[in-house]
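Student: Questions regarding the structure given below will be posed in turn.
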Amino acid sequence: MRLSVYCVAIPPRLPHARRFLAAMGMEGATILPPVLRDTLSHADLVRRNIVSPTYPSSRDFMGKIACSLSHAQTLRHFLESDAEVALVFEDDNQIPSPAAAAEARTTISKLLALREWQFLNLVPCDANCSMWRSTLARVGPHRVYRASGVGTPAYLVRRAGAKAFLRRMLPISTPLDMHIPHLTDAYEVHPRLFEPGDAAKSTNGNYDAVPECRHAFDVRNLGTYGLIGVAVLVGGIVFAMRVRRRSERAAT
């Protein structure tokens, strides 16, 4: 199986990205020139049907567009090659220790042996880490679950997964990582293999923490918890009615 390694890195972050790749023993990774936010025109992108007219044009969102287009460029480069799998990094993963890097390389080699996934998020963020989700596989201390999180600091993708990602990504109507849970055969690894965000934080100026798991009562889970609540309520009512009937029978 031929694996190609890529890194999406903007110029100010390139030294850090190279140090990360060196720590991973992947100095030969391909670093394509990224799409830069300040070179883009929102109106032009809308006219060319690259961006949805409803997508915001603020500086922050233009950075997200640039990030999406940089990943799209990387995925196209991968599809033009004869590689079967791409390993894609962003430029702000924390540099691992030698032991952690060795463990990550071993884990990645084992993950490549799993045939079920077409997209595998190695650094899921804001995932639904509910304990009732079924496990696809265990690889050392890591478990592989159906994707529920977002974030693209590091991921593995096969050719069919790359094509599916590109189809959903364009025209851009939402940040690219929001599509991950909706991809067919998309999975994620917990605990994640790397930690996103070094001391300089995000390239897009986002200084928020990037948790691996969302809060159990995140508003996005209200539908699920609402159904559970209704089921518990109905069960409680049925139980109470049965107890009352038994009490009435005992009284007579």
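The values are calculated or read from the model by the stated rules, or taken from the named source; none is laboratory data. Every value quoted in this text rests on a predicted model; they were computed, and no experiment measured them. Because the Cβ atoms are built from the backbone with ideal geometry, glycine has one as well, and the counts that use them run over all protein chains shown.
Student: Which one of the conditions (1) free of Cβ contacts under 8 Å to residues at least 60 places away in the same chain; (2) over 17 Å from Leu111 (Cα atoms) does Ala147 fail to meet, given that it meets all the rest?
Tutor: Exception for Ala147: condition (2).
Student: Please return the ranges of strands (runs of 3 or more DSSP E) entirely within region 110-196 where 2 or more residues are surrounded by 22 or more Cβ atoms within 10 Å (Cβ to Cβ) and at pLDDT 95 or above.
Tutor: 119-121, 154-158, 186-190
Student: How about region 1-83: which helices (runs of 4 or more DSSP H) wholly inside it have at least 2 residues that are touching a residue at least 40 places away in the same chain (Cβ under 8 Å) and either surrounded by 13 or more Cβ atoms within 10 Å (Cβ to Cβ) or among the polar types (S, T, N, Q) (or both)?
Tutor: Qualifying helices (runs of 4 or more DSSP H): 14-23, 59-80.
Student: Still on this structure, I have one more. Only one of (1) part of a helix (DSSP H, G or I); (2) at pLDDT below 60; (3) under 21 Å from the mean Cα position of the chain (by Cα) fails for Gly226. Which number is that?
Tutor: Here Gly226 clears every test but (3).
Student: Scan region 44-78 for residues that are within 21 Å of Ala154 (Cα to Cα) and among the charged types (D, E, K, R) and jot them down.
Tutor: Lys64, Arg76
Student: Right, something else. Within the set of pairs 6 or more residues apart or between chains, which connect a residue that is farther than 18 Å from Gly197 by Cα inside region 94-107 to a residue that is of a type outside the set (Ser, Thr, Tyr) and in a helix (DSSP H, G or I) with Cβ atoms less than 9 Å apart?
Tutor: Pro98/Ala23
Student: If I ask for residues that are of a type in the set (Val, Ile, Thr) and under 20 Å from the mean Cα position of the chain (by Cα), which ones from region 63-111 would you list?
Tutor: Ile65, Thr74, Val85, Val88, Ile95, Thr107, Ile108, listed by residue number.
Student: Could we say that Ala86 is touching a helix residue (DSSP H, G or I) at 6+ places or on another chain (Cβ under 7 Å), part of a helix (DSSP H, G or I) and not polar (S, T, N, Q) here?
Tutor: Details: touching a helix residue (DSSP H, G or I) at 6+ places or on another chain (Cβ under 7 Å): yes; part of a helix (DSSP H, G or I): no; not polar (S, T, N, Q): yes.
In short, no.
Student: Anything in region 84-109 that is more than 30 Å from Val35 (Cα to Cα) and either among the aliphatic types (A, V, I, L, M) or crowded, with 23+ Cβ neighbours inside 10 Å (or both)? List them, or say none.
Tutor: Ala99, Ala100, Ala102
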